[in-house]
Every structure is written in C-alpha cells, then in structure tokens.
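Every read-out reported here was derived from the displayed coordinates using simple, explicitly stated rules and does not represent laboratory data. Just so it is clear, the model here is predicted, and its values are computed rather than measured. All Cβ positions, glycine included, derive from the backbone under ideal geometry; neighbour counts span all protein chains shown.
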Amino acid sequence: MDAFAALLTGFQVALTPLNLAVAFAGVALGTAIGALPGIGPINAVALLLPLCFALKLPPETALILLAGLYYGSGYGGRISSILLNIPGDPGLVMTTLDGYPLAKSGRGAAALAISGIGSFVGGTSAVILMTFLAVPLTRLALSFGPADYVALMVLSFALLGTMSEGKAVKTWIAVALGLLLAMVGIDGGTGVERFTFGSLELLGGIDFTSLTIGLFAVAEILFLAEGMISGVVSRTGSGARLTFREIIYCIPAMLRATGLGFFLGVLPGTGASVASAMAYTAEKRISDKGTFGKGDMRGLAAPETADNAAQTGSMVPMLALGIPGSGTTAVMLGAFMMYSITPGPLLFTQRPEVAWGLIASMYIGNLMLLVLNLPLVGLFARLLLVPAWILYPGILALSYAGVYAVSNSAFELIITTGIGVLAYILRKVGIPLIPLMLAFVLARLLEDNFRRALSLSDGGYEILFSTPTSIVLWLLAIVAIGLPLIRKPKLHPAVIGEAG
Amino acid sequence: MVDRLVGLICALLGAGAIWHAQTLHVPFAADPVGPRVFPTITGGVLILGGCILMLRPGPVAMEFGTWPRALAVLVASLIYPLLLLPIGFIAATAMLCFVAALAFHARPLPAAVSAVGTAIVFFVLLDKMLDLPLPRGPLGI
C-alpha cells in the first residue's frame, strides 16, 4: 500500500471523536506527568496501562492513549529540567545544562518556548520519517525466519548491555531475571507448569500490569520517599521573549539532532537518554564558542529535539519488527500483546487501522502538544508547586487502584508490592530494570521462535546460525558483547544507562 | 562486597532454575525442545553472570536516604490489600495516602485532609465516572 493512502486511512481512525479525545487526554496527561520531578515517560505509561484495560478501550484507542502519554511526557519533562534543574529521567540531564542557566538569567519563558519548538520539530520530523520507513522495514522483517528473530533479540539485549553505564554483566543478569519471571505459569507449547510452586494464583503467570506498576510506580515512590527531591522553582522570568531570529538560529541544530535522535531511537537498545547526550555533545563540538553550558539556545534545542525524535524513532522497530527499542516501547509492546495483537511485519497488513491509526494520531498529538506547550506551559509549570505529599501518595493510590481495576483481586496488589520491593533492591545494587522489563516482554516471543527453529531442524542447534541474516546479527551481537570489555562507551557521567 | 553477594544469589537462583527445569515431565513430545531447554539456558546465563560478578566485583554505591520513610510506605502498601475488601476503597486508600503523606514530610492535619480528598476523588473518578467497580466496604457508598 502506498504510504500516503495508508496514512489517509489512518487519519480516518485517528480523527474519530473518541480517538481525538483520547489523544488529547494522552498528550495533556503525558505533559503533566512528565513535568513532575522524578516521574518519566515509562512511569507515565505504566501508571495508565491498567486503566486502559479496565476501561476495555479498543486496541487502537488504548495505544493512541499510551503513545500520547509517551511522547507527551517528552515535552513535559523539560519543564522541571529548566525551572528546577532536576531532570525527570536520564534523557533530560542534557536539557538542564543550558536550560537552567537560561532560567536563572530570567529567560525561563524563552527557554521553555525554544525547547517546546525543538520537541515539536523532533517529534514531527520523526513521525514523517516513520511514515515512510515503517513499511520498507516490515518487508525486510517478512523475510526473517525464527532463527533470525532469535538472533535479533539476542542482539537487542547485547546492545542494552553495551550502552549501559554500569557493568554489562548486570544487564545480562537483569535479562535472565526478566526471562525467568516471564516463564512463571503454564508453558504454552506443552501445558506443563513452570515455576509455579504449586500456587494457583501463579498458574496464569505474572500479570504484565502488576509487573510494570511494581517496577516503575511502586519502586519509584519508595525511592522518592527515601530521599526527597527538593529544589527552588525559578520563575518563568520577565526576560526577553523568544525572538524569531533565535528560532532560525537554532534550526540547523534541531535538524542535526533530529537525524541523530531518530537513528539512535530506531536502533534497538539505545533510547532517548543516549540520543540527547550524543546530540548535545555533537552540537557542542560543532558550534560551541564558549557559550555552551552558560545558556546557549542551541545547547537546549539540540538535546530536546533529539530526545523527542528518539522517542518516536524507538516506536519504529516496535511496530515494524515487534522488537521494542526502549523500556517504554517494551511496555507498549506488552500492551499490544494483552490485546492479542502481535506487532511486527503483519501488523501493517492485518490490522492497518491499529498501525496507521496510531501513526496518524502522532501527527495530531504533536500539533496538540505544540499548542499545549507554547501558550499553556505556565499551567504545567504550576504543577511543580503542588506539594510532594499530595502528589506522590496520589500516584501510589492510582497505581494500586489501577491494578485492582484490571485484576479485581487483592492478591494481585500483594504481588505488585512484592515486585516493587524486588525492583527497589535491584536498583540499590545496580541491576538495571529496563533490560528486565524488555526481557519479560520478549521472553515468550524468544522462546517460541527458539523452539520453532529447533523443531524445523529436529533439535539441531546449527539452524540458529544457518541464514546469512542470522549470522550477521550474531556477529553484531558478539561485537556488542565484546565492545565494553575493550573500551567503555564515553557518555556524560550523569546519564545512567537506562534507555528511556 | 555487595557485588559478591549479589553474584552468589544470582548463581544460586540460576542453579535453582536449572534444577527446577530438569524436574519438568512432559507427557508427550510436542516438539523436540520441550519446556526444559529455555529455562536451562536462562539459568546458565544467570550462573555465568553471577560468577563473573563474584570474581570481578565492582564498587557499588549503596546510598540510603531516610529509609524508614520508604519502609513506612512499604508497610502501608502491604496492609492495604488486606484492608481493601473489608473496609472499602475510600477508607483503605485514605489510610494508605495518610501514611504515605506523612512519609513525604506532611504535617498530620494536612496529610489527613489530602488523604481523604485523594481517596474520594479517585473513587468518584474511577467508580462513578469511568465505571470501574471498586470495593465499597461496609458503608456501601
């Protein structure tokens, strides 16, 4: 199908009143949640995930909502970075470097405006790229056999290990833990119970919503309760407003950051945090004349643009290959699976209304976000004044209410809290949660493809390395595993290895 | 030190997973691989990772803030599911939020007011407006 025609059918889906309303709710809530310090895109999506199912929204509507939350939070996150000097998630560390100095010098409003425009340029250009790249990528994916998929998933895990700031071995431990957690329950192939320890409640496996809420809401609140994030809110300021000339001045930086951000977003394992760090570093190298870090507009526009371009870019492999490129898209992949939809090459032909409806909604959502974030940014900034003791208990209550609404079981709440405690301990000892999440979501797909490949070869392992594609992917994976042994990736020290 | 302990626990977990996988009995052979191989490989990765961590531990900055506050939130979260059905969503959630608000440095009176407010707002929003049934408790509101 021609991309334009397909996109038009997508707009027919995205422009229905329900989907428009949901897209608006998603981006507005995403901006609001993203604006809260300590709460990033993955927390936003996790928090609203159970409600989507409990409300029995149709799949395309639920995904439009979740995607809106995702890229909407990319717009909101900059607010606390600029006004408070507190990045909401690792992807926003770079935004503080030039954003906070601008706010301190009284140009907070201009800083918010240019970063909003940057987010829009990055987000929208990435959606356009996605519109034309998604289908060619699915053609490539259609030629993939089970062995190729196994190799591709191993490569994704390997890249996560390479890009993480901590020890790569901890990423592998996290992946293994995620796979084991996913195996709890009845094995789909044979009906054998695995890791249930005779418990009836565990027969159905660990619920995806409980896992996400435990990992990214309960654990987060425990962390926040322990050490209060505090900061003084800068006023948006009375300094000179953003001029048209300044926007023009930033455009080359934005375009460079879009390309870099989108490319890094599409790569599995690298997400927004890496993209914004690299965009800032690259822009500093190209155009710094001693002004970066002291409030240079380009130093703010580049990471914000790359951040949003990467967020959208990371949805491309999730939709086209069924392999998510980041933690948040892994949560969204899990959401697809709960609707019994398998993302991947067939999604675009079998469920075009879901795939193209989602893509079309992202054009609309980014426009809504531009309107929400330029004139109304002050409203969202007010959220920073809501006391923590109202905000975070409320988030905790909403998390549990969501899990209860989707499961109707108080036992599920205990499991959720248990996973929250596990996640808290893992974070304390430096085991990253994103690879665990990614592995949990991909486990079923990985095992199915692994078993399918081996049943084709009647148990011979050589089939895993039998096609040219799989050999290339395995070699890349070996390079990715070996690389950290030779040389540590050089990133800004503040960027923790969590691909947002 | 922390890394050595984490490594040991991971290696033991991996060994446990492999042992568990071997006890699985498949009544009929649906495919040549069966349900055992995948957990065995995963357990192997865990043992390998755990051993590497034990042999070459790195420094782990275990920073604890005021952890009793996190513990208070945790205890409230564990009691919450036990109270949810007997006393209903509003009362249980208000208690959860009250403890959590105190943990986030609120003074008792504002904490109580915001906790009750939060519970009622969510009940109205979820149960009344979005039609997701929440436990009503003895009052049956």
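Relative protection proxy for A:133-142, A:206-215, A:368-377, A:349-358, from highest mean packing down: A:206-215, A:349-358, A:368-377, A:133-142 (other beta-carbon atoms within 10 angstrom).
Look at the Cα gyration tensor of the range A:373-444: its axes a ≥ b ≥ c give a/c of at least 1.5 with a/b over b/c, and that counts as prolate. Relative to the longest principal axis of the Cα atoms of chain A, the long axis of helix A:108-142 makes an angle of roughly 30 degrees. For the range A:3-486, lysine pairs with C-alpha atoms less than 18 angstrom apart, excluding pairs fewer than eight positions apart on the same chain, total 4. Ranking A:347, A:12, A:176 by Cα position along the charge dipole of the range A:3-486, where only Lys, Arg, Asp and Glu carry charges on their C-beta atoms, puts A:12 farthest toward the positive end.
When Lys and Arg each count +1 and Asp and Glu each count -1, what net charge do the other residues less than 15 Å away from residue A:338, Cβ to Cβ, add up to? Spelling it out: positives minus negatives among the neighbours equals 0.
Inter-chain neighbour count for B:2-10: the average number of beta-carbon atoms from partner chains within 10 Å of each residue's beta-carbon is 3.
Considering every alpha-carbon pair of the range A:134-185, the percent of pairs per 5 Å bin, from zero through the bin containing the longest distance, is 5, 17, 18, 18, 17, 14, 10, 1.
Sequence-ordered 3J(HN,Hα) estimates for the range A:305-310 from the Karplus curve with 6.51, -1.76 and 1.60 and θ = phi - 60° stand at 5, 5, 4, 6, 5, 5 Hz, glycine and proline given as x. A DSSP coil position with no more than 11 other Cβ atoms inside 10 Å describes none of the chymotrypsin sites (Phe, Trp or Tyr not before Pro) in the range A:55-158. Taking the Cα centre of chain A as origin and assigning +1 to Lys and Arg Cβ atoms and -1 to Asp and Glu Cβ atoms, the resulting dipole is close to 1440 debye.
Compute the long axis of helix B:89-103 from its Cα atoms, compare it with the longest principal axis of the Cα atoms of chain B, and write down the angle in degrees, 0 to 90, nearest 10. The answer is roughly 80 degrees. Each stretch of four or more DSSP H residues adds -39500 (n - 2.57); spread over every residue of the protein assembly as shown, this sum gives -23000 deg cm²/dmol at 222 nm. Distances between placed amide hydrogens fall under 5 Å for residue A:167 paired with no residue 5 or more residues away or on another chain.
Here the 3J(HN,Hα) profile of the range B:35-52, calculated from phi with Karplus coefficients 6.51, -1.76 and 1.60 at θ = phi - 60°, is x, 8, 5, 5, x, 5, 4, 4, x, x, 4, 5, 5, 4, x, x, 5, 4 Hz, Gly and Pro shown as x. Sequence-distant contacts, meaning Cα pairs under 8 Å at least 6 residues apart, place the relative contact order of the range B:2-55 at 61 percent. Applied to the range A:316-329, the Karplus parametrisation 6.51 cos²θ - 1.76 cosθ + 1.60 on θ = phi - 60° returns per-residue 3J(HN,Hα) values of 5, x, 5, 6, 7, 10, x, 10, x, x, 8, x, 5, 5 Hz, with x for Gly and Pro. Inter-chain Cβ neighbour count for A:187-197, averaged per residue, equals 5 (cutoff 10 Å, partner chain atoms only).
Here the range B:21-141 is treated with +1 on each Lys and Arg Cβ and -1 on each Asp and Glu Cβ, and its dipole about the Cα centre works out to around 220 debye.
Over the range B:67-129, what relative contact order in percent results from Cα pairs under 8 Å that are six or more residues apart? Result for the range B:67-129 is 34 percent. If only the Cβ of Lys and Arg carry +1 and only the Cβ of Asp and Glu carry -1, the dipole of the range A:241-351 around its Cα centre is close to 220 debye. For the range A:3-486, the pair-distance distribution built from all alpha carbon pairs, in bins 20 Å wide starting at 0, is 25, 59, 16, 1 percent. Axis angle, to the nearest 10 degrees, between helix A:433-456 and the longest C-alpha principal axis of chain A: 30 degrees.
With the largest listed first and rounded to whole Å, the semi-axes of the equivalent ellipsoid of the range B:67-129 from the Cα gyration tensor are 20, 15, 8.
For the residues of B:120-130, the average number of beta carbons from a partner chain within 10 Å of their own beta carbon is 2.
Average 1/r across all pairs of distinct alpha carbons in the range B:1-107, invert it, and you get the Kirkwood radius: 17.9 Å.
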